[in-house]
1. Within segment A:54-87, how many residues turn out to be under 13 Å from the mean Cα position of the chain (by Cα) and within 16 Å of ligand 2 (Cβ to nearest atom)?
2. For A:T172, are the conditions met, namely being more than 16 Å from ligand 1 (Cβ to nearest atom) and either at positive phi or touching a Cys at 6+ places or on another chain (Cβ under 9 Å) (or both)?
3. Condition first: among the polar types (S, T, N, Q) and part of a helix (DSSP H, G or I). Now tell me which residues in segment B:148-166 satisfy that.
4. Looking at B:A30, B:A52, B:A42, B:A25, can you tell me which residue is in contact with a helix residue (DSSP H, G or I) (Cβ under 8 Å, 6 or more places away or on another chain), at pLDDT below 90 and of a type outside the set (D, E, K, R)?
5. For segment A:17-54: of the residues being on the phi > 0 side of the Ramachandran plot and more than 12 Å from ligand 1 (Cβ to nearest atom), which is nearest to the other protein chains (Cβ to nearest Cβ)?
6. Among the numbered criteria (1) open to solvent by 40 Å² or more (accessible area, probe 1.4 Å); (2) away from chain A (no Cβ under 12 Å), which single criterion is violated by B:T196?
7. Taking A:S48 and the conditions (1) in a helix (DSSP H, G or I); (2) farther than 27 Å from A:D225 by Cα; (3) small (G, A, S); (4) touching a strand residue (DSSP E or B) at 6+ places or on another chain (Cβ under 7 Å), which numbered condition does it fall short on, given that it satisfies the others?
Amino acid sequence: MSAVHVAGVSKIFNQGTPKQVDALVDVNLTVEAGDFVSLIGPSGCGKSTLLRLIANLLEPTTGSVTVNGKSSAQARLDQDYGMAFQQAGLFDWRTVAKNIELPLELKGWDKEKRRARALEMLELVKLPEFAELYPWQLSGGMQQRIAIARALAAHPQLLLMDEPFGALDEMTREYMQGELLRICRETKTTVVFVTHSIPEAVYLSNRVVVMSPRPGRITKLIDVDLGRDRSEDTRNADAFFHGITAVREALRGTHADHANEVRGVEDR
Amino acid sequence: MTVALSPRRLRSVVPPLVFGLAFLALWESAVRGFDLKPYFLAAPTKIVGEFADNVGLIWDSSMVSGGNAFVGLVVGTVLGVAMSFVLSRYRFLGELVTPLAIALNAIPIFVLVAVLNNMYSITSEIPRRFMVTLVVYFIVLVNVAKGLTQVKGTHVELMRSYAASDFEILRKVRVPNAKPYLFTALKIAAPASVITAFVSEYFGGSQNGLGSRITSNIANSRNATAWAYVLGACLLGLGFYIISVALENVTRKEGAPIATKQGKIKK
Ligand SMILES: Nc1ncnc2c1ncn2[C@@H]1O[C@H](COP(=O)(O)OP(=O)(O)O)[C@@H](O)[C@H]1O
Ligand SMILES: [Mg+2]
């Protein structure tokens, strides 16, 4: 059973009006359990839309989305996935621990069980001493780690992330990438990760999905051959540079059609 | 609430205090120096003297005006909060009512009290309380409705990803988000309720409140006494403001940030 199965999906916003946008056209994608899949492409190519379709925050215009063998709607009701965005989206009026407890509250867990799990998650993201602080007392990177802890609190098998490190500085970002890989290894979580950074996509993923805009579609799937145990040394490996070159070339394909739009992709 | 006199707090308290005292001293010396007659301008010392002599009467009329303001503040807040929930539930209603509420807020609707006085017995406090209620109602309605609807998109998407119902989103996102907006509204509404209560007294009805006493003392050329009532009015307004700020401090969790109107967070 695949973690995610997207079959013949298209998404058209404002259909039949002058503002019609063909955000996605005929998208097919399968993500296997244990995969780390990145979606990369210039802005406006439908990465976020595809992620929201998987999350059932949007309904496809045509086609079907299956998560853990169920309809994406059922998977959402069962909280089969956790989600994280570019903005950490923590609630300022809740302590760090209470933020992590929120999805569990909505699942109807009792207080002690929630608290125990929140502390366990704080250990996982290496911020155990921050339970009683408020989010605004934390740095951007710490907030994002709390957001990841919250997304994983209910132990979902699938994690959906939309440019979660996009607002962080480069050093914090690389640290967070390493941490995310460690966390996913420890929790055996499948990840679908939206980014517009080529090195980030290659470093994290075993598969990179290259997309192009107007209409949004998948143009290439690139397997990254870096093995499972990646470290900072991975960033100097030949296979890492090969991966980067492969993704860059695939994106250049989108460049030929759409001269301006590839600027949305960072080459760092 | 601790009022520690840290150097920073001192720096923010001392200059206005010094300025205020200097102003009073200038006033006092102007009255004495130019030998201004009391019916023209009374000296601060004289006003304070009158205040002390009439403190019982001033207290009684403060209770009347303050009572009206308080009743209107409470009723207006309750109704405003209730209506803001209705508006946030039915957006189209919000689009109809909010511009109207803002427009009504901009005009001095308390002149309506003149009309209301004709509808009730001349000694009734109801028209005044109604006016205060109306003013407070719109202030609370506009602000709290904003707090209930202007929530972060990410927060709503997260809640939906947890399969949260609309009611759970209301309880766990919209209501907490609206709390600072309610306090902002109260900080505006508390002084406004006192002002409305005073001004309503100028449009007839029984002559027992601070506003009426100020007019009647001026009419009788008892200028210093009128000023003493003005002082009472200032103290009453200040009292209401302090209550609204204290309320915010009590309900705010220890260490939690205050969301300012711009949505920025300050500590
Ligand atoms: N709710 C919406 N209504 C209308 N158009 C939308 C909506 N969401 C996204 N779009 C459009 O769909 C296209 C893809 O958007 P998005 O998935 O956000 O791209 P990406 O995340 O790759 O930058 C864009 O042209 C965007 O303007
Ligand atoms: Mg996006």
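1. Here the count works out to 7.
2. Details: more than 16 Å from ligand 1 (Cβ to nearest atom): yes; either at positive phi or touching a Cys at 6+ places or on another chain (Cβ under 9 Å) (or both): no.
Judged against the criteria, A:T172 is not a match.
3. First, pick out the residues of segment B:148-166 that are among the polar types (S, T, N, Q): B:149-150, B:154, B:161, B:165.
Matches in segment B:148-166: B:T149, B:T154, B:S161.
4. B:A42
5. From segment A:17-54, those on the phi > 0 side of the Ramachandran plot are A:26, A:34, A:41, A:44, A:46; that's our starting set.
Filter once more, so that each one left must be more than 12 Å from ligand 1 (Cβ to nearest atom): A:26, A:34.
On the way: A:D26: 26, A:G34: 22 Å.
Taking the candidates together, the pick is A:G34.
6. (1)
7. Among (1) in a helix (DSSP H, G or I); (2) farther than 27 Å from A:D225 by Cα; (3) small (G, A, S); (4) touching a strand residue (DSSP E or B) at 6+ places or on another chain (Cβ under 7 Å), the lone unmet condition for A:S48 is (2).
Matching residues to (1) charged (D, E, K, R); (2) open to solvent by less than 10 Å² (accessible area, probe 1.4 Å):
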residue: A:M171; (1), (2): no, no
residue: A:L180; (1), (2): no, yes
residue: A:I183; (1), (2): no, yes
residue: A:E186; (1), (2): yes, no
residue: A:V191; (1), (2): no, yes
residue: A:V194; (1), (2): no, yes
residue: A:Y203; (1), (2): no, yes
residue: A:N206; (1), (2): no, no
residue: A:V210; (1), (2): no, yes
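The values are calculated or read from the model by the stated rules, or taken from the named source; none is laboratory data. These numbers come from a predicted model, not from an experiment. With ideal geometry, Cβ positions are generated from the backbone for all residues, glycine too; neighbour counts draw on all protein chains shown. Please note that ligands, DNA and RNA were not included when accessible areas were found on the heavy atoms of the full protein model with its side chains. Shrake-Rupley method; radii C 1.70, N 1.55, O 1.52, S 1.80 Å.
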